[in-house]
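What follows is a set of notes on a single structure, which appears directly below.
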Amino acid sequence: MSDLFPDVVETERLRLVAARPEHIDTFDAYEVCSQPYMDDVTEFMPWARHETPKVTKDFLDRCASEWDDAESAQFGVFPREGEDGAGELAGFGGIHTEWDRRVGNLGFWLRPRFWGRGYSGERAEALAALAFDVLDLELVEVKHAVENENSQRAIEKYMDTLGGRRDGRDRNSLPVGDEIADQYVYSVSHEEWRETTGGDYDAEFHWDASDAL
(Lines give C-alpha, C1' and ligand atoms only; values in the text may rest on other atoms or scores of the structure.)
Protein backbone atom coordinates (compact mmCIF):
# COMPACT_ATOMS: atom_id res chain seq x y z
CA MET A 1 0.00 0.00 0.00
CA SER A 2 1.27 3.47 -0.89
CA ASP A 3 1.79 5.63 2.19
CA LEU A 4 1.50 8.84 0.16
CA PHE A 5 -2.25 9.09 0.60
CA PRO A 6 -4.11 9.26 3.94
CA ASP A 7 -6.56 6.45 4.66
CA VAL A 8 -9.07 8.94 6.07
CA VAL A 9 -9.71 12.64 5.48
CA GLU A 10 -12.00 14.40 7.94
CA THR A 11 -13.70 17.75 7.36
CA GLU A 12 -16.30 19.54 9.44
CA ARG A 13 -19.18 17.47 8.04
CA LEU A 14 -17.58 14.65 6.04
CA ARG A 15 -15.37 11.63 6.48
CA LEU A 16 -13.57 10.46 3.34
CA VAL A 17 -12.45 6.83 3.63
CA ALA A 18 -10.03 5.10 1.26
CA ALA A 19 -12.02 3.24 -1.40
CA ARG A 20 -10.33 -0.07 -0.76
CA PRO A 21 -12.00 -3.45 -0.13
CA GLU A 22 -10.71 -3.52 3.45
CA HIS A 23 -12.48 -0.22 4.23
CA ILE A 24 -15.52 -0.15 1.90
CA ASP A 25 -17.79 -3.19 1.82
CA THR A 26 -18.39 -4.36 -1.76
CA PHE A 27 -22.08 -5.06 -1.25
CA ASP A 28 -22.67 -1.76 0.55
CA ALA A 29 -21.10 0.04 -2.40
CA TYR A 30 -23.05 -2.09 -4.88
CA GLU A 31 -26.30 -1.24 -3.10
CA VAL A 32 -25.56 2.44 -3.74
CA CYS A 33 -24.06 2.16 -7.23
CA SER A 34 -26.79 -0.10 -8.65
CA GLN A 35 -29.84 2.04 -7.80
CA PRO A 36 -31.98 3.53 -10.61
CA TYR A 37 -31.11 7.06 -9.43
CA MET A 38 -27.57 6.37 -10.60
CA ASP A 39 -28.82 6.95 -14.15
CA ASP A 40 -29.22 10.60 -13.15
CA VAL A 41 -25.86 10.66 -11.35
CA THR A 42 -23.99 9.20 -14.32
CA GLU A 43 -25.82 11.16 -17.05
CA PHE A 44 -22.65 13.11 -17.85
CA MET A 45 -20.15 10.47 -16.69
CA PRO A 46 -18.05 7.98 -18.69
CA TRP A 47 -19.55 5.07 -16.71
CA ALA A 48 -23.00 3.67 -15.87
CA ARG A 49 -24.70 2.30 -12.79
CA HIS A 50 -23.38 -1.06 -11.66
CA GLU A 51 -25.33 -4.03 -13.01
CA THR A 52 -23.72 -6.69 -10.78
CA PRO A 53 -21.65 -6.86 -7.57
CA LYS A 54 -18.72 -7.99 -9.74
CA VAL A 55 -18.66 -4.54 -11.37
CA THR A 56 -18.43 -2.96 -7.91
CA LYS A 57 -15.71 -5.40 -6.82
CA ASP A 58 -13.70 -4.57 -9.94
CA PHE A 59 -14.12 -0.86 -9.20
CA LEU A 60 -12.83 -1.20 -5.63
CA ASP A 61 -9.98 -3.47 -6.74
CA ARG A 62 -9.00 -0.91 -9.37
CA CYS A 63 -9.10 1.86 -6.77
CA ALA A 64 -6.80 -0.20 -4.52
CA SER A 65 -4.37 -0.92 -7.36
CA GLU A 66 -4.17 2.74 -8.39
CA TRP A 67 -3.75 3.69 -4.74
CA ASP A 68 -0.85 1.26 -4.33
CA ASP A 69 0.78 2.66 -7.47
CA ALA A 70 0.28 6.24 -6.21
CA GLU A 71 -1.77 7.02 -9.31
CA SER A 72 -5.04 7.91 -7.65
CA ALA A 73 -6.60 8.29 -4.21
CA GLN A 74 -10.30 7.47 -4.36
CA PHE A 75 -12.44 7.87 -1.23
CA GLY A 76 -15.89 6.82 -0.12
CA VAL A 77 -17.78 9.86 1.19
CA PHE A 78 -19.65 9.55 4.51
CA PRO A 79 -21.52 12.37 6.31
CA ARG A 80 -20.34 12.68 9.89
CA GLU A 81 -22.41 12.54 13.08
CA GLY A 82 -24.98 15.31 13.20
CA GLU A 83 -25.63 15.24 9.45
CA ASP A 84 -28.78 13.80 7.90
CA GLY A 85 -27.73 10.35 6.71
CA ALA A 86 -24.70 10.22 9.00
CA GLY A 87 -22.61 7.11 8.43
CA GLU A 88 -24.20 6.29 5.07
CA LEU A 89 -22.12 5.93 1.92
CA ALA A 90 -23.10 9.11 0.09
CA GLY A 91 -20.80 8.80 -2.94
CA PHE A 92 -17.19 8.76 -4.01
CA GLY A 93 -14.55 11.39 -4.71
CA GLY A 94 -10.83 11.55 -5.09
CA ILE A 95 -7.71 12.90 -6.72
CA HIS A 96 -5.88 11.44 -9.71
CA THR A 97 -2.21 12.35 -9.81
CA GLU A 98 -0.08 13.20 -12.83
CA TRP A 99 3.34 13.31 -11.21
CA ASP A 100 5.21 14.30 -14.37
CA ARG A 101 3.10 17.46 -14.59
CA ARG A 102 2.70 17.82 -10.79
CA VAL A 103 -1.05 17.99 -11.31
CA GLY A 104 -3.94 16.56 -9.33
CA ASN A 105 -7.31 16.04 -11.02
CA LEU A 106 -10.39 16.06 -8.79
CA GLY A 107 -13.52 13.99 -9.35
CA PHE A 108 -16.69 13.57 -7.30
CA TRP A 109 -20.26 12.25 -7.30
CA LEU A 110 -23.02 11.99 -4.71
CA ARG A 111 -26.34 10.21 -4.38
CA PRO A 112 -29.18 12.65 -5.18
CA ARG A 113 -30.44 12.78 -1.58
CA PHE A 114 -27.14 14.42 -0.61
CA TRP A 115 -27.16 17.05 -3.36
CA GLY A 116 -27.41 20.73 -2.47
CA ARG A 117 -25.58 20.58 0.88
CA GLY A 118 -22.26 22.05 -0.22
CA TYR A 119 -20.44 18.75 0.25
CA SER A 120 -18.72 19.09 -3.12
CA GLY A 121 -16.97 22.28 -2.10
CA GLU A 122 -16.08 20.97 1.36
CA ARG A 123 -14.49 17.88 -0.15
CA ALA A 124 -12.69 19.95 -2.83
CA GLU A 125 -11.17 22.27 -0.23
CA ALA A 126 -9.82 19.27 1.69
CA LEU A 127 -8.40 17.52 -1.38
CA ALA A 128 -6.84 20.74 -2.70
CA ALA A 129 -5.09 21.07 0.66
CA LEU A 130 -3.96 17.46 0.35
CA ALA A 131 -2.62 18.14 -3.15
CA PHE A 132 -0.71 21.27 -2.24
CA ASP A 133 0.23 20.90 1.40
CA VAL A 134 0.95 17.17 1.52
CA LEU A 135 1.63 15.90 -2.01
CA ASP A 136 3.52 19.04 -3.10
CA LEU A 137 1.67 19.30 -6.42
CA GLU A 138 1.69 22.54 -8.38
CA LEU A 139 -1.78 22.51 -9.95
CA VAL A 140 -5.25 21.16 -9.21
CA GLU A 141 -7.57 20.64 -12.18
CA VAL A 142 -11.29 19.92 -12.38
CA LYS A 143 -13.36 19.10 -15.47
CA HIS A 144 -17.06 18.62 -16.17
CA ALA A 145 -19.20 17.97 -19.23
CA VAL A 146 -20.31 21.29 -20.73
CA GLU A 147 -23.98 20.27 -20.42
CA ASN A 148 -23.68 19.41 -16.71
CA GLU A 149 -25.07 22.62 -15.21
CA ASN A 150 -25.23 21.26 -11.63
CA SER A 151 -21.52 20.48 -11.64
CA GLN A 152 -20.77 23.81 -13.26
CA ARG A 153 -22.47 25.75 -10.46
CA ALA A 154 -20.71 23.76 -7.73
CA ILE A 155 -17.27 23.86 -9.36
CA GLU A 156 -17.37 27.57 -10.20
CA LYS A 157 -18.29 28.32 -6.59
CA TYR A 158 -15.55 26.32 -4.92
CA MET A 159 -12.88 27.15 -7.49
CA ASP A 160 -13.51 30.81 -6.75
CA THR A 161 -13.09 30.06 -3.05
CA LEU A 162 -9.80 28.28 -3.78
CA GLY A 163 -8.50 31.05 -6.05
CA GLY A 164 -8.94 29.16 -9.32
CA ARG A 165 -10.69 29.86 -12.60
CA ARG A 166 -12.05 28.31 -15.79
CA ASP A 167 -9.25 27.85 -18.31
CA GLY A 168 -11.22 26.83 -21.38
CA ARG A 169 -13.03 24.08 -23.21
CA ASP A 170 -11.55 20.64 -23.87
CA ARG A 171 -13.27 19.41 -27.01
CA ASN A 172 -14.27 15.80 -27.66
CA SER A 173 -12.60 14.63 -24.48
CA LEU A 174 -15.25 12.81 -22.39
CA PRO A 175 -16.95 9.55 -23.47
CA VAL A 176 -20.62 9.70 -22.42
CA GLY A 177 -22.64 6.74 -23.65
CA ASP A 178 -22.24 6.60 -27.42
CA GLU A 179 -21.15 10.22 -27.64
CA ILE A 180 -17.96 12.16 -26.98
CA ALA A 181 -18.65 15.32 -24.98
CA ASP A 182 -16.79 18.60 -24.56
CA GLN A 183 -15.60 19.53 -21.08
CA TYR A 184 -14.92 22.79 -19.29
CA VAL A 185 -11.54 22.84 -17.59
CA TYR A 186 -10.77 24.69 -14.35
CA SER A 187 -7.51 24.97 -12.44
CA VAL A 188 -5.89 26.56 -9.43
CA SER A 189 -2.15 26.74 -8.82
CA HIS A 190 -0.38 26.20 -5.52
CA GLU A 191 0.53 29.89 -5.45
CA GLU A 192 -3.03 31.02 -6.22
CA TRP A 193 -4.42 28.69 -3.55
CA ARG A 194 -1.99 29.97 -0.92
CA GLU A 195 -2.60 33.63 -1.81
CA THR A 196 -6.38 33.15 -1.62
CA THR A 197 -6.69 30.86 1.39
CA GLY A 198 -3.53 31.72 3.29
CA GLY A 199 -2.80 28.00 3.26
CA ASP A 200 -5.51 27.48 5.91
CA TYR A 201 -8.00 24.63 5.66
CA ASP A 202 -10.43 22.72 7.86
CA ALA A 203 -9.36 19.11 7.30
CA GLU A 204 -7.47 16.38 9.12
CA PHE A 205 -5.51 13.62 7.42
CA HIS A 206 -5.08 10.17 9.00
CA TRP A 207 -2.65 7.62 7.61
CA ASP A 208 -3.88 4.96 10.04
CA ALA A 209 -7.57 4.28 9.45
CA SER A 210 -7.97 2.98 13.00
CA ASP A 211 -7.42 6.53 14.23
CA ALA A 212 -10.60 7.77 12.58
CA LEU A 213 -12.93 4.82 11.86
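The values are calculated or read from the model by the stated rules, or taken from the named source; none is laboratory data. Keep in mind the model is a prediction, meaning the values are calculated, not measured. Reconstructed Cβ throughout: ideal geometry from the backbone, glycine too, with neighbour counts over all protein chains shown. Just so you know, the surface numbers come from the protein's heavy atoms only, side chains and all, with ligands and any DNA or RNA stripped out. Shrake-Rupley method; radii C 1.70, N 1.55, O 1.52, S 1.80 Å.
Things worth noting here:
- Note on the chain: with charges restricted to the Cβ of Lys and Arg (+1) and Asp and Glu (-1), its dipole about the Cα centre is near 540 debye.
- D208 paired with Q35, simple spin-label distance in nm, labels 7 Å along Cα-to-beta-carbon: 3.5
- Segment 90-162, accessible surface, carbon-and-sulfur percent (1.4 angstrom probe): 44
- Between G121, G163, G177, the residue with the greatest mean-square fluctuation in the GNM of the chain (Cα pairs under 10 Å linked by springs) is G177.
- Between E81 and D3, the contour length at 0.36 nm per residue exceeds the alpha carbon distance by 25.3 nm.
- Carbon-plus-sulfur accessible fraction, segment 27-82 (probe radius 1.4 Å, protein heavy atoms only): 48%.
- Cα gyration tensor shape of the chain, rounded if a/c is under 1.5, else prolate or oblate by comparing a/b with b/c: rounded
- Expected 222 nm ellipticity per residue - DSSP helices of 4 or more, -39500 (n - 2.57), all of the chain, to 500: -8500 deg cm²/dmol
- In a fully extended conformation the segment linking D28 and T52 would gain 7.4 nm over its present Cα-Cα distance, using 0.36 nm per residue.
- Largest mean-square fluctuation among A18, A124, A70, in a Gaussian network model of the chain whose springs join Cα atoms under 10 Å apart, belongs to A70.
- Size of electric dipole in segment 61-162: Cβ of Lys, Arg +1 and of Asp, Glu -1, about Cα centre, debye, nearest 20: 400
- V134 versus W115: modelled label distance in nm, points set 7 Å from Cα along the beta carbon direction: 3.0
- Positive-end residue of S187, N150, V134, charge dipole of the chain with Cβ unit charges: N150
- Pairwise FRET efficiency - R169 versus D200, Cβ, R0 = 35 Å, nearest 0.05: 0.60
- Heavy-atom accessible surface of the chain, averaged per residue, reaches 49 Å², computed with a 1.4 Å probe.
- In segment 1-62, Cα pairs under 8 Å separated by at least six residues give a relative contact order of 29 percent.
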